[in-house]
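To keep things clear, I will list the structure first and then write my remarks on it.
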Amino acid sequence: MLDEVKGFQVTLKRLFQPKLTQEYPEERRAMMSRFRGLPALRADPDTGEALCVACGLCARICPTSCLEMHVVPSEEGDRELGEFILKSGRCLFCGLCSQVCPVDAITMSQEYELASFDREGLVYTKTELAAFGAQGETWWDAGIGPDHQQTNAINRFDPNRHVMENLRD
Ligand code: SF4
Ligand code: SF4
């Protein structure tokens, strides 16, 4: 019985709170800073060159094998990235590719409007992925600092929150 009363209290509380309706797509919600959208390639801010060194680690760790890279010989006689393909229809947006990258060349962008009428529309090339990533920060660096307290704020579901609140006071 007590549980039902408690539940109804929540309903009553919400009933009188102001309603917020956003007219999507004219209005768009700001995504959380650590939101994981389409994987994107990052570039050096000084030279504009892609940071990717074509090591292939991201493709190896990807659980759905949706990353492909084509390596070509470089002018210096070494190897460099020729093309980088993401088949987004298979992507889980898990972020493993960006976590494993040794040079932070791939990150998760905030792009989420990815619907397409054909399969070709789900395939992204190096140039397209760079347009999303470019000079963006890595997604796990976002959300740190006083302006982004959502990552370490006291959570109302945290069983220790009362202890933490007392420590804070
Ligand atoms: S986010 Fe996950 S599924 Fe998507 S490309 Fe990266 S590793 Fe693969
Ligand atoms: S994005 Fe990173 S992990 Fe993937 S091939 Fe390039 S350098 Fe290697």
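What follows draws every value from the coordinates through simple rules; no lab data is involved. Being a predicted model, the structure only gives us computed values, none of them experimental. Glycine also receives a Cβ, built like all others from the backbone with ideal geometry; neighbour counts cover every protein chain displayed.
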Members of the range 79-90 that are within 14 Å of ligand 2 (Cβ to nearest atom) and either of a type outside the set (Phe, Trp, Tyr) or exposed (fewer than 15 other Cβ atoms within 10 Å of the Cβ) (or both): ARG79, GLU80, LEU81, GLY82, GLU83, ILE85, LEU86
Listed by range, strands (runs of 3 or more DSSP E) wholly within the range 1-116 having at least 2 residues that are touching a residue at least 40 places away in the same chain (Cβ under 8 Å) and within 14 Å of ligand 1 (Cβ to nearest atom) are 39-41, 79-87, 106-108
Out of the residues in the range 117-137 that are within 15 Å of ligand 1 (Cβ to nearest atom) and among the charged types (D, E, K, R), which is nearest to ALA59 (Cα to Cα)? LYS126
Do any residues in the range 117-137 that are surrounded by 15 or more Cβ atoms within 10 Å (Cβ to Cβ) have Cβ atoms under 7 Å from those of residues that are part of a loop (DSSP other than H, G, I, E, B), where the two are at least six apart or on different chains, and which pairs are they? LEU122/SER116; PHE132/LEU38; PHE132/SER109; PHE132/GLU111; GLY133/SER109; GLY136/SER109
Could you tell me whether any residue of the range 42-51 is of a type in the set (A, V, I, L, M, F, W, C) and farther than 17 Å from THR125 by Cα? no
Quick check on this structure: which one of LEU15, LEU38 is touching an Asp or Glu at 6+ places or on another chain (Cβ under 7 Å) and either closer than 18 Å to LEU114 by Cα or exposed (fewer than 10 other Cβ atoms within 10 Å of the Cβ) (or both)? LEU38
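When the residues of the range 56-78 are filtered to those that are hydrophobic (A, V, I, L, M, F, W, C) and more than 10 Å from ligand 2 (Cβ to nearest atom), which remaining residue is farthest from PRO39 (Cα to Cα)?
Checking each candidate, the answer is VAL72.
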So, in the range 46-75, how many residues would count as being closer than 26 Å to GLU113 by Cα and surrounded by fewer than 11 Cβ atoms within 10 Å (Cβ to Cβ)? 2
